[in-house]
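I have placed the structure first, in the form of structure tokens, so that the comments after it can refer back to it.
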Amino acid sequence: MFEEINILYHQGKQYIPDVTAVKLPESFAIGRPIISADISKQNAELCKQICPTQAIDNEPFSIDLGKCTFCMECVRICGKDKINFTNDYKTATNDRSKLIVKAGENNPIKINKELIRPEVRKIFKNSLKLRQISAGGDASQEWELGATNNVNFDCSRFGIDFVASPRHADGIVITGSITENMHQALQICYDAVPEPKIIILVGTEAISGGIFEGSQALNRTFLDKNHIDLYIPGSLIHPLTFINGVLQLMGQID
């Protein structure tokens with residue numbers, strides 16, 4: 001016992017006591033962007049043309065985080081004083097339109113409580129079991145989801161767990177752009193989850209298709225037929241983005 005006490009004394013608490021109040025270093029510059037209102041028309045048009053996923057619109061100038069790969073080409077064109085990707089990792093929302101960040105606005109991205117189905121917070125407030133499905137992912141988002149339950153973030157303490165079987169799950173977490181080969185498997189897995197159930201999209205590829213949007217190798221019709229409860233943008237996502245978003249959806253935090 002004394003050995004364990006000695007380790008705790010020297011290392012301290014390795015977990016994050018309050019996951020809602022973490023301030024990431026400024027070097028984490030792939031969070032919510034702040035866009036200046038005075039971007040020139042020339043630069044706006046150039047940004048729109050160079051964006052690999054058509055995440056940028058110039059009427060008015062905006063960036064769709066559901067499509068953005070965070071390549072930072074727009075920052076290189078306009079300068080950090082015009083487009084600044086901040087360290088604000090709280091970008092999860094259940095309102096797809098909230099992922100479109102417009103020039104001249106500096107509003108935090110939040111959950112719309114009115115869009116949350118009553119049964120979600122009633123049944124899943126204290127416990128949420130999720131089945132993760134890689135529907136054409138490259139393992140990067142999956143690694144970040146795995147990190148949510150490491151010693152630092154420890155999402156299990158909030159009742160959030162990943163399970164092996166959809167029969168034991170309350171919902172599914174989709175990563176990847178949803179390929180034709182995974183479309184049917186995704187539907188089978190979703191159908192196996194008992195009602196009521198939720199759907200969470202994690203990462204740019206899951207939300208919009210990412211760089212593969214429009215490819216004949218994709219079949220994203222699953223998303224047209226089912227209600228999406230939470231969008232978690234990022235390429236890659238941060239574990240804190242996922243945890244804070246899910247906690248807001250569950251109603252554990254506001």
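The values are calculated or read from the model by the stated rules, or taken from the named source; none is laboratory data. Because the structure is predicted, anything quoted here is derived from the model rather than measured. Positions of Cβ are generated from backbone atoms using ideal geometry, with glycine treated the same way; all protein chains shown enter the neighbour counts.
Among the residues of region 1-44, write down those that are surrounded by 14 or more Cβ atoms within 10 Å (Cβ to Cβ) and without any contact (Cβ under 8 Å) to a residue 40 or more places away in the chain.
Result: Asn43, Ala44.
Kindly indicate whether any position in region 179-191 is modelled with pLDDT of 95 or more, more than 19 Å from Phe242 (Cβ to Cβ) and touching an Asp or Glu at 6+ places or on another chain (Cβ under 8 Å).
Taking every residue of region 179-191 in turn, none turns out to be modelled with pLDDT of 95 or more, more than 19 Å from Phe242 (Cβ to Cβ) and touching an Asp or Glu at 6+ places or on another chain (Cβ under 8 Å).
Output the residue which, of all residues in region 133-159 that are part of a loop (DSSP other than H, G, I, E, B) and β-branched (Val, Ile, Thr), is modelled with the highest pLDDT.
Checking each candidate, the answer is Thr148.
So how many residues does region 17-50 have that are more than 20 Å from the chain's Cα centre (by Cα) and not small (Gly, Ala, Ser)?
13
Applying the selection to region 80-95, what residues are among the aliphatic types (A, V, I, L, M) and closer than 11 Å to Ile232 by Cα?
Once the filter is applied, which keeps residues that are among the aliphatic types (A, V, I, L, M) and closer than 11 Å to Ile232 by Cα, region 80-95 yields only Ala92.
How about region 100-112: which of its residues are among the charged types (D, E, K, R) and either assigned to a loop (DSSP other than H, G, I, E, B) or loosely packed, with under 12 Cβ neighbours inside 10 Å (or both)?
Residues satisfying the conditions are Glu105, Lys110.
Just one of Glu142, Glu114, Glu180 is without any contact (Cβ under 8 Å) to a residue 24 or more places away in the chain and of a type in the set (Asp, Glu); which is it?
Glu114
Within region 45-68, work out how many residues are surrounded by 19 or more Cβ atoms within 10 Å (Cβ to Cβ) and in a loop (DSSP other than H, G, I, E, B).
7
Okay, residues lined up against (1) farther than 24 Å from Leu249 by Cβ; (2) outside any strand (DSSP E or B); (3) touching a Leu at 6+ places or on another chain (Cβ under 7 Å):
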residue	(1), (2), (3)
Ala37	yes, yes, no
Arg76	yes, yes, no
Asn87	no, yes, yes
Thr91	no, yes, yes
Lys98	no, yes, no
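Restricting to region 191-211, and then to whatever is part of a helix (DSSP H, G or I), in contact (Cβ under 8 Å) with a residue 40 or more places away in the chain and at negative phi, can you tell me which residue is farthest from the chain's Cα centre (by Cα)?
Once the filter is applied, the top-ranked residue is Ile211.
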